[in-house]
1. Do you know which of the residues in the range B:429-439 that are more than 8 Å from chain A (Cβ to nearest Cβ) and not aliphatic (A, V, I, L, M) is surrounded by the most Cβ atoms within 10 Å (Cβ to Cβ)?
2. Which residues, taken from the range A:119-147, are within 13 Å of another protein chain (Cβ to nearest Cβ) and farther than 24 Å from A:V233 by Cβ?
3. Taking the condition among the acidic types (D, E) and either modelled with pLDDT of 95 or more or open to solvent by 30 Å² or more (accessible area, probe 1.4 Å) (or both), does B:D17 pass?
4. Of the conditions (1) under 18 Å from A:S426 (Cβ atoms); (2) of a type in the set (A, V, I, L, M); (3) at the interface with another protein chain (Cβ under 8 Å from one of its Cβ atoms), B:L174 clears all except one; give me its number.
5. Being among the β-branched types (V, I, T) and either over 28 Å from A:E188 (Cα atoms) or within 8 Å of chain A (Cβ to nearest Cβ) (or both) is the filter here; which residues of the range B:406-428 pass it?
6. Out of everything in the range B:447-471 that is more than 8 Å from every other protein chain (Cβ to nearest Cβ) and polar (S, T, N, Q), what residue ends up being most open to solvent (accessible area, probe 1.4 Å)?
7. With (1) open to solvent by 10 Å² or more (accessible area, probe 1.4 Å); (2) out of contact with any Gly (no Cβ under 7 Å at 6 or more places or on another chain); (3) more than 27 Å from B:R360 (Cβ to Cβ) as the list, and A:Y143 as the residue in question, which single condition is left unmet?
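The values are calculated or read from the model by the stated rules, or taken from the named source; none is laboratory data. Source: prediction; values computed, not measured. Neighbour counts are summed over all protein chains in view; Cβ atoms, including those assigned to glycine, are modelled from backbone coordinates with ideal geometry. SASA here: full protein model, heavy atoms, side chains in, ligands and nucleic acids out. Shrake-Rupley method; radii C 1.70, N 1.55, O 1.52, S 1.80 Å.
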2 protein chains.
Amino acid sequence: MNILYDERIDGVLPKVDKAALVQALHSRIPDLTVLHRAEDLRPYECDGLSAYRTVPLLVVLPERIEQVEALLRLCHAQKVPVVARGAGTGLSGGALPLEQGVLLVMARFKQILEIDPAGRWARVQPGVRNLAISQAAAPFGLYYAPDPSSQIACSIGGNVAENAGGVHCLKYGLTVHNLLKVQMLTIEGERLTLGSDALDSPGFDLLALFTGSEGMLGIITEVTVKLLPKPQVAKVLLASFDSVEKAGAAVADIIAAGIIPGGLEMMDNLAIRAAEDFIHAGYPVDAEAILLCELDGVEADVHDDCQRVYQVLTEAGATEVRQARDEAERLRFWAGRKNAFPAVGRLSPDYYCMDGTIPRRALPGVLKGIAELSEQYSLRVANVFHAGDGNMHPLILFDANQAGELERAEALGGQILELCVAVGGSITGEHGVGREKINQMCAQFNSDELTLFHAVKAAFDPDRLLNPGKNIPTLQRCAEFGGMHIHHGQLPFPELERF
Amino acid sequence: MNILYDERIDGVLPKVDKAALVQALHSRIPDLTVLHRAEDLRPYECDGLSAYRTVPLLVVLPERIEQVEALLRLCHAQKVPVVARGAGTGLSGGALPLEQGVLLVMARFKQILEIDPAGRWARVQPGVRNLAISQAAAPFGLYYAPDPSSQIACSIGGNVAENAGGVHCLKYGLTVHNLLKVQMLTIEGERLTLGSDALDSPGFDLLALFTGSEGMLGIITEVTVKLLPKPQVAKVLLASFDSVEKAGAAVADIIAAGIIPGGLEMMDNLAIRAAEDFIHAGYPVDAEAILLCELDGVEADVHDDCQRVYQVLTEAGATEVRQARDEAERLRFWAGRKNAFPAVGRLSPDYYCMDGTIPRRALPGVLKGIAELSEQYSLRVANVFHAGDGNMHPLILFDANQAGELERAEALGGQILELCVAVGGSITGEHGVGREKINQMCAQFNSDELTLFHAVKAAFDPDRLLNPGKNIPTLQRCAEFGGMHIHHGQLPFPELERF
């Protein structure tokens with residue numbers, strides 16, 4: 001599936017003398033694990049977006065911050081690009097390696113350094129798994145709220161780099177809303193602290209700027225996350241609809257009623273049937289769409305909200321609304337949703353998962369638009385997504401062995417993202433831009449805005465050694481992709497065009 | 001009280017030819033209101049921090065975005081510094097004018113452009129008053145959550161520039177958590193959109209970076225804020241303590257119990273007596289400290305939470321816990337708190353309001369430290385503050401007519417802020433850095449961090465024309481103030497040292 005990968009992006013990075021670099025690493029950081037043989041490098045050729053693959057020049061696996069510091073100083077001095085990687089579960093190719101760059105794997109930093117139950121925070125190393133934080137906090141009745149589907153495997157450093165979300169981010173926010181502090185190293189090997197233990201921090205909000213910056217501004221060495229008390233009780237309602245547009249409109253109605261569900265998820269008929277066939281969750285296979293609405297909090301409040309949501313759903317035209325009778329049924333309802341991706345994977349040899357975000361009011365229109373595009377491109381699209389926050393995950397079904405299908409899938413995906421931008425939305429909700437959506441950034445931003453991104457990047461990393469070719473497209477790229485207007489008649493940062 | 005103002009900061013800004021500038025403004029933007037006579041300029045010499053005063057070179061009062069755009073282009077071309085001002089209620093001198101700069105007053109942009117009750121947002125011009133947004137949203141059962149004490153007067157543009165907070169920000173967040181989108185103009189007069197109508201926006205989070213940047217990155221021309229449904233019910237508990245340390249510890253206990261009050265405020269004995277004398281709120285004048293804890297939400301939930309908070313307060317050693325019997329008493333309890341500043345003002349000819357933020361667990365220790373410093377400097381300090389989020393407002397009482405008292409007050413204030421930093425806190429919670437706390441920034445950040453701030457500033461405004469001398473100190477200044485370490489043996493950005 002390499003066709004999705006655009007060779008040009010790093011095809012012209014300066015060639016690095018690999019043998020000399022290995023030699024320099026061995027002599028300066030003797031205890032650093034360095035992988036350099038082809039068979040050792042192969043497992044690192046992609047992250048969770050396996051359609052894009054590049055074997056890295058070298059892989060390093062540090063275990064102490066001092067090693068990372070020394071590595072960065074060396075790479076900075078020798079102008080060698082560095083790509084950071086956590087658990088490698090990212091879905092936008094943000095940790096895709098470079099042929100002429102070092103892949104810095106932070107997975108061995110997996111210590112939980114401190115938990116303060118009274119202050120309700122945990123201080124952890126970047127390689128700690130998302131779920132491990134909640135498990136360590138559980139004895140105190142606390143947990144870490146953002147819960148990407150990959151939470152069993154993904155690490156907190158990657159969550160910060162991608163500003164990861166999850167089923168519960170409508171109510172509890174994205175990663176950025178659940179952080180207190182990040183310790184990082186600049187490409188020059190300087191240690192910086194972003195944020196503070198207090199509610200606010202003076203000066204510019206570099207913590208928020210850094211969160212979601214996809215490894216382009218610095219290397220995360222420590223993260224202090226906020227912990228929340230576990231809700232006393234959670235209930236889930238399942239509502240069936242005879243059209244996706246009605247289900248979409250019901251989402252806006254729930255929010256407009258002033259209710260903030262713990263989770264508010266939508267699946268269309270194709271996704272429902274796939275999940276039911278796979279998990280036997282008890283979904284209505286004839287429904288055109290279902291909504292799963294979870295209410296969590298204290299008992300009385302949840303009871304109240306369930307009644308209000310029931311009423312809203314009924315008024316919005318739901319053909320049936322069921323509350324999970326017990327905890328077992330509640331978990332079954334969620335199991336269907338959480339396994340929807342692999343379930344859809346059983347319908348088709350390949351699928352391509354999108355991640356656009358739109359204002360909730362635009363849901364019915366965009367769902368209709370996706371249906372039309374699906375027909376136009378003759379490719380099935382299953383819709384499974386975080387409806388409450390307008391974060392859509394259309395899954396485009398295709399067969400890479402059928403000539404032209406992959407290209408059609410990619411083109412259809414691009415059209416869907418541009419549709420999201422057109423209604424005031426964005427090309428990513430929680431998966432990041434990475435390598436995957438770099439062309440769509442040209443549709444999302446104008447040249448003045450992209451120029452500003454490059455200037456901010458240069459403030460942290462003037463030589464652009466950290467994760468080049470990701471996240472922020474060059475203006476040259478956008479000009480080629482089309483649709484760019486050129487700033488004052490010239491491309492700023494002409495030196496960037498080598499990436 | 002001019003002694004607090006450090007002349008050196010802009011004493012060496014290049015002299016601007018005022019007559020020529022007025023002439024250029026009249027000819028290029030004929031319909032722009034320009035004030036240039038001494039008697040017209042005087043009312044703009046300070047913002048809410050009246051200890052710092054400078055008569056601006058010129059004041060402009062635009063009414064259309066095109067005028068602002070043209071003004072910025074002209075100032076950029078002629079290298080004239082620009083200070084933006086909203087309602088002028090800021091407490092850290094962020095809108096303090098420059099003798100050699102234009103004061104750009106955005107107060108005439110006071111239109112509420114659009115309210116979307118279903119999407120729960122309002123799109124407004126920057127000069128719209130904070131409270132006016134909630135008033136306009138009230139017919140839909142919605143409101144704008146951040147509520148600085150100045151909310152009747154302060155404007156949303158200033159709220160964004162300072163990342164304003166308020167009594168309710170513990171539960172509902174600061175300004176940055178309640179924004180969707182900002183339209184801004186760069187110093188070059190380019191229009192940029194930060195954020196989006198969707199939950200997330202790809203690329204770097206420039207909206208969060210911009211929020212709280214104190215007029216140094218751009219001029220706000222439009223703000224889209226989130227609206228929240230009004231809570232069904234609100235109840236308040238008043239707890240008395242025989243020591244401030246016990247009251248401080250009780251705050252941590254409430255949060256540790258998993259309760260997020262709508263507001264959680266603390267007052268010490270001096271503040272209690274002052275407020276009671278002034279407002280007759282029914283406060284216990286013999287208590288060493290009181291806590292006011294408001295619970296809001298749906299009826300059943302609030303009832304539940306009140307019982308739990310009552311129990312936590314009792315276990316924490318409260319000598320008395322009273323729930324406001326009715327809405328009238330609830331409002332009286334809050335009136336005492338909200339008028340605490342003027343009430344304390346009646347005890348002393350002058351007072352100086354601080355704004356440090358600390359981790360909640362450090363509250364008892366810092367309160368003890370403030371008491372010791374108060375004794376050491378022979379100045380009374382009243383404590384009135386947002387205890388729940390650790391945002392302290394010690395009020396230092398002094399008499400500017402007594403020789404040396406002002407200097408002692410300023411020195412004591414600096415010590416208190418450095419104490420906040422020492423326990424992992426920050427020198428500002430909601431008032432910003434502005435001109436006031438620029439020296440304390442040297443204690444908060446190291447030279448690498450300050451260098452990064454300057455580089456980010458340069459990404460937006462390379463000529464440093466927007467609000468020079470505020471928010472981010474030069475390294476030269478920090479070296480003189482003491483406590484700075486110098487980056488690689490030299491000061492970066494030597495050209496900045498003219499500010």
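1. This residue is B:E436.
2. A:G119, A:W121, A:R123
3. So B:D17 fits the description; yes.
4. All conditions pass for B:L174, except number (1).
5. Selection gives B:I416, B:V423, B:I427, B:T428.
6. Filtering first and then ranking leaves B:T451.
7. The number of the failed condition is (3).
Residue by residue, here is whether (1) open to solvent by less than 30 Å² (accessible area, probe 1.4 Å); (2) under 25 Å from A:D253 (Cβ atoms); (3) part of a helix (DSSP H, G or I) holds:
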{"residue": "B:L104", "(1), (2), (3)": "yes, no, no"}
{"residue": "B:A107", "(1), (2), (3)": "no, no, no"}
{"residue": "B:G119", "(1), (2), (3)": "yes, yes, no"}
{"residue": "B:G127", "(1), (2), (3)": "yes, no, no"}
{"residue": "B:I133", "(1), (2), (3)": "yes, yes, yes"}
{"residue": "B:S149", "(1), (2), (3)": "no, no, no"}
{"residue": "B:L170", "(1), (2), (3)": "no, no, yes"}
{"residue": "B:H177", "(1), (2), (3)": "no, yes, yes"}
{"residue": "B:A198", "(1), (2), (3)": "yes, yes, no"}
